[in-house]
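Just so you know, all these numbers are worked out from the coordinates, no wet-lab data involved. As the structure is a prediction and not an experimental result, all values here were calculated from the model. Counting neighbours? That spans all protein chains shown, and the Cβs are built from the backbone with ideal geometry, glycine included.
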Amino acid sequence: MKKILLYLPVMLILAAGFGCSEQRKWNREQRKEMREMLRDYRQMAYLNDLTDAEFILFSDDVATALEGDYPVYATFVTMPGVEDTVQLVIVETVVEELQADARNMRHIFPYEQLVARKMLPAGLDHDQLHAFYNCLAGKVNSTFVTLDQFVNAVMADTVNTSTMQRLEGQCANDLFDWEITEVEVIETN
């Protein structure tokens, strides 16, 4: 009798693991549902500048990464913090793409934002934009040894102490003979 009671928990674990296992791979509908969910993230800084074709490839990469980490879709979509997990995988995928090609700066620092901040003039043609982003990528690569340093610098930047703004200004000055000056504001009580 004692042997039966000792083996009972082991048998239950084996039965639960093999006999009643859930689907271990996402089906076509589940992948489609994840891609639809990823469309809500399209307004993020890097993603809003992607073409439709680039975004489809990007969302496939994210869905594949999520499926690899969470093979049981039903469990994944009901777990607490699923949106945080999706955001984390999106950021990791963006970082991987940046690591592959530093010229993706146009997605992180879109031209329209640079014009609004008066860093670049409106009306630049494709060749001028290409030259600016090549310059910026070169300065980023020479300034930051690792991608982690670059990401940390971008996250820690403030308007008054922006390493990226300084690099952008240097490229604008080099290409358009602009003189970018920084004004330091000191508050006293």
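Find how much the distance from Arg35 to Gln87 grows on full extension, using 0.36 nm per residue of separation minus their present alpha carbon separation; answer in nm with one decimal. Before the final figure, lay out each step's value.
On the way: separation 52, 0.36 × 52 = 18.72 nm, distance 1.33 nm.
Extra length available between Arg35 and Gln87 comes to 17.4 nm.
How many angstrom separate the Cα center of the stretch 124-149 from the Cα center of the stretch 21-96?
The two parts, judged by their Cα centres, are 28 Å apart.
As an exercise, use a Förster radius of 30 Å and the Cβ-Cβ distance of Val154 and Tyr70 to find the FRET efficiency, rounded to the nearest 0.05.
0.60
Please list, short to long, the whole-number percent of alpha-carbon pairs of the stretch 105-176 in consecutive 10 angstrom bins beginning at zero.
Histogram of Cα-Cα distances, whole percents per bin: 19, 57, 22, 1.
On full extension of the chain, what length is gained from Ala116 through Asn141, given 0.36 nm per residue of separation minus the C-alpha to C-alpha distance?
Between Ala116 and Asn141, full extension yields an extra 6.5 nm.
Given R₀ = 41 Å, FRET efficiency for Ser162-Asn27 by Cβ-Cβ distance, to 0.05?
Given R0 = 41 Å and the Cβ-Cβ separation, E is 0.35.
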